[in-house]
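The values are calculated or read from the model by the stated rules, or taken from the named source; none is laboratory data. Worth saying up front: this structure is predicted, and the values here are computed from it rather than measured. As a convention, Cβ positions derive from the backbone with ideal geometry for all residues, glycine included, and neighbour counts pool all protein chains shown. Side chains included, ligands, DNA and RNA excluded: accessible areas come from the protein's heavy atoms. Shrake-Rupley method; radii C 1.70, N 1.55, O 1.52, S 1.80 Å.
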Amino acid sequence: MYFLCGLPRDDVCSWPTYGPAITAPTTYVRSFIAHREDREAQIIAFLRTRAKRIADFVSEMYAGYDQRLWYPAANSVHAPMLHLVETGRSRVVDGDEPKLTATYELV
């Protein structure tokens with residue numbers, strides 16, 4: 001069982017916008033959440049050493065990937081960074097807006 005908007009879900013199958021049916025949606029959602037929590041922990045670990053820009057995270061986190069993928073990867077880092085700012089665990093150092101080009105630090 002997982003929760004969506006605070007409501008318990010006990011679905012046996014989910015049909016995404018594209019791709020095959022997800023026949024174990026609870027497992028799928030839990031793995032998705034775990035991945036997001038791991039990514040957030042990774043960003044926090046990087047911020048413990050110094051303030052950084054998302055480009056700094058991407059070059060470290062995706063070092064083994066083709067650099068043409070780094071721009072889309074930056075959006076994958078930006079999403080949890082927004083959450084860290086919204087929950088007061090990180091802040092923007094060089095302005096008010098948590099943009100892709102901003103510099104962040106832990107609070």
**Asked** So which helices (runs of 4 or more DSSP H) are wholly in the stretch 25-107 and hold at least 2 residues that are closer than 30 Å to Asp10 by Cα and among the β-branched types (Val, Ile, Thr)?
**Response** 25-47
**Cβ pairs under 8 Å, 6+ apart, first in the stretch 15-26 and without any contact (Cβ under 8 Å) to a residue 40 or more places away in the chain, second of a type in the set (Asp, Glu) and open to solvent by 100 Å² or more (accessible area, probe 1.4 Å)** = Thr26/Asp10
**Asked** So which of Leu69, Leu82 is free of Cβ contacts under 8 Å to residues at least 24 places away in the same chain and open to solvent by 90 Å² or more (accessible area, probe 1.4 Å)?
**Response** Leu69
**Asked** Restricting to the stretch 53-71, what's the tally of residues that are at pLDDT 90 or above and either more than 20 Å from Val93 (Cβ to Cβ) or aliphatic (A, V, I, L, M) (or both)?
**Response** 13
**Request:** Give the stretch 57-78 a look and list any residue that's out of contact with any helix residue (DSSP H, G or I) (no Cβ under 8 Å at 6 or more places or on another chain) and closer than 15 Å to Lys99 by Cα, or say none.
**Result:** Tyr71, Pro72, Asn75
**Request:** Could you please find all residues in the stretch 35-51 being open to solvent by less than 40 Å² (accessible area, probe 1.4 Å) and among the small types (Gly, Ala, Ser)?
**Result:** Ala51
**Asked** So which residues in the stretch 48-76 are aliphatic (A, V, I, L, M) and under 12 Å from Tyr104 (Cα atoms)?
**Response** Ala51, Ile54, Ala55
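Determine, yes or no, whether Ile54 is under 19 Å from Thr103 (Cβ atoms), open to solvent by less than 50 Å² (accessible area, probe 1.4 Å) and of a type outside the set (Phe, Trp, Tyr). Write out each step before concluding.
Details: under 19 Å from Thr103 (Cβ atoms): yes; open to solvent by less than 50 Å² (accessible area, probe 1.4 Å): yes; of a type outside the set (Phe, Trp, Tyr): yes.
For Ile54, the condition - under 19 Å from Thr103 (Cβ atoms), open to solvent by less than 50 Å² (accessible area, probe 1.4 Å) and of a type outside the set (Phe, Trp, Tyr) - is met.
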